[in-house]
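Q: Right, I'll just put the structure down here and ask away after.
The values are calculated or read from the model by the stated rules, or taken from the named source; none is laboratory data. What you see is a predicted model, and the numbers here were worked out from it, not measured in a lab. Here the Cβ positions follow ideal geometry from the backbone for every residue, glycine too, while neighbour counts run over all protein chains shown. SASA here: full protein model, heavy atoms, side chains in, ligands and nucleic acids out. Shrake-Rupley method; radii C 1.70, N 1.55, O 1.52, S 1.80 Å.
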Amino acid sequence: MIDFGNFYQLIAQGPLASWLEVLPAQLAAWQRENLHGHFRNWTKAVDNLPQLTPQHLDLQHSVTADSDELSDRQRQGIEKLLRALMPWRKGPYSLYGTVIDTEWRSDWKWDRVLPHISPLTDRTVLDVGCGSGYHMWRMIGAGANLVVGIDPTQLFLCQFEAVRKLLGNDRRAHLLPVGIEQLPELKAFDTVFSMGVLYHRRSPLDHLYQLKNQLVSGGELVLETLVIEGDEHDVLVPGERYAQMRNVWFIPSAAALARWLEKCGFVDVRIVDFSRTTTEEQRRTDWMTTESLADFLDPGDNSKTLEGYPAPLRAVLVARKP
């Protein structure tokens, strides 16, 4: 079973200490309840991975680790165990000769985001809906002192812990299987990221308030989400599905989203990037073999989803808590 004790010790003396009033009980309940049927197999794969200290490590330009001391047999064993944790959706990773070609080229998103945000050097960072933690490692590579990711998906936790072992058991990043709604108002993070989450929230304004409540005064929010074209009054409310996803509730225009942020009390709101999601950025791979974006677009007109809505357009907004 994955142990969170090191994280408890890490935050016991500092601005996150108040989290310990609720977090251990939440994670104890999580460990008792609703574990996925494959969770035991996933944790076994993590346990069987070697804990390595890489001779070659790059978190600034990629998530890459390697060592000259591993045999071919050891490298093959690592790949086999990482494949036991499929499907891999966010990445890519290059770990001791195994290139995990994930569904998403998350490095492309990071390259779009990084030029527009405040330097992460020595910052305490929260990554909401962090997936397997790819961006968390890039945040560490950008100089963050501590990165906490939250995502309730059990496979993502196991993938994160697998990568952590292969990166030398790095304790600057921690993933907790909780949702943003379970966090108290910590007001302790210098930067909060919410990327690819907002459209999955039934109440997007509540989500923005929850993000704001985690920031220190003067802290920065980095928000990346689906948007539509239009002015500050335009919001798409999809039917049962959007691009075959059931849990898409609201897709505002970037201008409307900027207005929402201001309504929630953020200042210095900036729209810094627009990007259409392509089938080169999100696609099937050998590490994620089920349906992907190409299967969710109208085969006769890829500017539309199968349901007839505008195809995915994403924006990055940056704002500050006063």
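Q: Residues of the range 287-322 being open to solvent by 10 Å² or more (accessible area, probe 1.4 Å), farther than 22 Å from Phe250 by Cα and assigned to a strand (DSSP E or B), which ones?
A: Hits for the range 287-322 are Asp301, Arg320.
Q: If you check every pair at least six apart or on different chains, which have Cβ atoms under 7 Å apart with a residue in the range 104-132 that is under 17 Å from Asn145 (Cα atoms) first and a residue that is assigned to a strand (DSSP E or B) and open to solvent by 30 Å² or more (accessible area, probe 1.4 Å) second?
A: Pairs that qualify, where the first residue is under 17 Å from Asn145 (Cα atoms) and the partner is assigned to a strand (DSSP E or B) and open to solvent by 30 Å² or more (accessible area, probe 1.4 Å), are Arg123/Asp190; Thr124/Asp190; Val125/Asp190.
Q: To continue, here is another question. Considering only residues that are under 13 Å from the mean Cα position of the chain (by Cα), assigned to a loop (DSSP other than H, G, I, E, B) and not hydroxyl-bearing (Ser, Thr, Tyr), which ones fall in the range 140-170?
A: Listed by number, the residues that qualify are Asp151, Pro152.
Q: Give me the residue from the range 246-268 that is surrounded by fewer than 18 Cβ atoms within 10 Å (Cβ to Cβ) and not charged (D, E, K, R) and, out of that set, nearest to the chain's Cα centre (by Cα). Full working, then the answer.
A: To start, the set of residues in the range 246-268 that are surrounded by fewer than 18 Cβ atoms within 10 Å (Cβ to Cβ) comprises 246-247, 249, 255, 259, 262-263, 265, 267-268.
Now restrict to residues that are not charged (D, E, K, R): 247, 249, 255, 265, 267.
Details: Asn247: 17, Trp249: 19, Ala255: 24, Gly265: 24, Val267: 24 Å.
Within the range 246-268, the match that is nearest to the chain's Cα centre (by Cα) is Asn247.
Q: If you check every pair at least six apart or on different chains, which have Cβ atoms under 7 Å apart with a residue in the range 17-39 that is farther than 21 Å from Pro184 by Cβ and touching a residue at least 24 places away in the same chain (Cβ under 8 Å) first and a residue that is open to solvent by 50 Å² or more (accessible area, probe 1.4 Å) and among the basic types (Lys, Arg) second?
A: Listed by first residue and then by second, the contacts come to nothing, as the list is empty.
Conditions (1) open to solvent by 30 Å² or more (accessible area, probe 1.4 Å); (2) in contact with a helix residue (DSSP H, G or I) (Cβ under 7 Å, 6 or more places away or on another chain); (3) at pLDDT 95 or above; (4) closer than 19 Å to Asn41 by Cβ, marked per residue:
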| site | (1), (2), (3), (4) |
| --- | --- |
| Val99 | yes, no, yes, no |
| Asp107 | no, no, yes, no |
| Val125 | no, yes, yes, no |
| Gly131 | no, yes, yes, no |
| Asp170 | no, yes, no, no |
| Ala173 | no, yes, yes, no |
